[in-house]
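The structure that follows is given in the form of structure tokens.
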Amino acid sequence: MATPQENLLDWLRDAHAMEQQAENMLKAQSKRLEHYPELKARIDQHIEETHDHQKSIDECLTRLGGKSSSIKDLTGRLMAFGQAVGGSLMSDEVIKGAMAGYVFENVEIAAYRVLITAAKAAGDQETQTACERILHQEIAMAQWLLEHLPNLTEAFLARSADPDLEAKK
Ligand code: FE
């Protein structure tokens, strides 16, 4: 068995690893993007937000007496590296990247909904408030990606059809 506090601590560690993976994925995408400045700017904004999420989760972990999991963090970094390398080999990496970003944001949204419920059960108002604030930024990023996918696809298709332009990034 485990108390709500213990489960909360586990899930905060998972969230810490998830946010590290988010940072690595976003940085890899931003670094490669050349022809889609609006997407790059939104990703850069979310990198800043992600740093803030990491800091907030760290503070929750410290307050609850836990430490972030370095093994999981390492796994996250390796996974992100694999995804970054995989993405760079695709002729439509900007589209696949935006789709993967949308999927990842939705995983984060689900994780923070779980954390908010666990924080409530554990009576941890500070963690609940922190996770609610983060959740809103993840929802905003997911919505932005979904709403901009049609425009992004049109821009990609136009560049792709022009022999003088590079479309993939
Ligand atoms: Fe996010």
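Laboratory data are not the source of any read-out in this text; all were calculated from the coordinates shown. This one's a predicted model, so the numbers in the text were calculated from it and none came from an experiment. All Cβ positions, even for glycine, are placed from backbone atoms using ideal geometry, and neighbour counts span all protein chains on display.
Taking the Cα-to-Cβ direction at I139 and at V107 and moving 7 Å from each Cα, how far apart do the two end points lie in nm?
Label-label distance for I139 and V107, simple model: 2.2 nm.
Once phi is turned into ³J(HN,Hα) by the Karplus curve 6.51 cos²θ - 1.76 cosθ + 1.60 with θ = phi - 60°, what whole-Hz value does each residue of the stretch 4-13 show in order, with x for glycine and proline?
My calculation for the stretch 4-13 gives x, 4, 5, 5, 4, 4, 4, 6, 5, 4 Hz in order.
Let me ask something additional. Among Q125, Q21, Q137, which one shows the biggest mean-square fluctuation in a GNM of the chain, springs joining Cα atoms closer than 10 Å?
Most flexible of the set in this elastic network: Q125.
Give a quick list of GluC sites (Glu not before Pro) in the stretch 1-50 that DSSP marks as loop, anything other than H, G, I, E or B, with at most 15 other Cβ atoms within 10 Å.
E34
Report the far tail of the P(r) of the chain, meaning the percent of Cα-Cα pairs longer than 24 Å.
39 percent
Per residue of the stretch 102-119, what does 6.51 cos²θ - 1.76 cosθ + 1.60 with θ = phi - 60° give for ³J(HN,Hα)? Whole Hz please, x for Gly and Pro, Karplus curve as stated.
Calculated HN-Hα couplings, in order: 4, 4, 5, 4, 6, 5, 4, 4, 4, 4, 6, 5, 4, 4, 4, 5, 5, 5 Hz.
From the phi angles alone, apply the Karplus equation (6.51, -1.76, 1.60; θ = phi - 60°) to the stretch 141-156 and give each ³J(HN,Hα) in whole Hz, x where the residue is Gly or Pro.
In residue order, the calculated couplings are 5, 4, 5, 4, 4, 4, 5, 8, 4, x, 4, 4, 5, 4, 5, 4 Hz.
Between the stretch 1-60 and the stretch 106-169, what is the C-alpha centre distance in whole Å?
Using only Cα atoms, the two centres lie 11 Å from each other.
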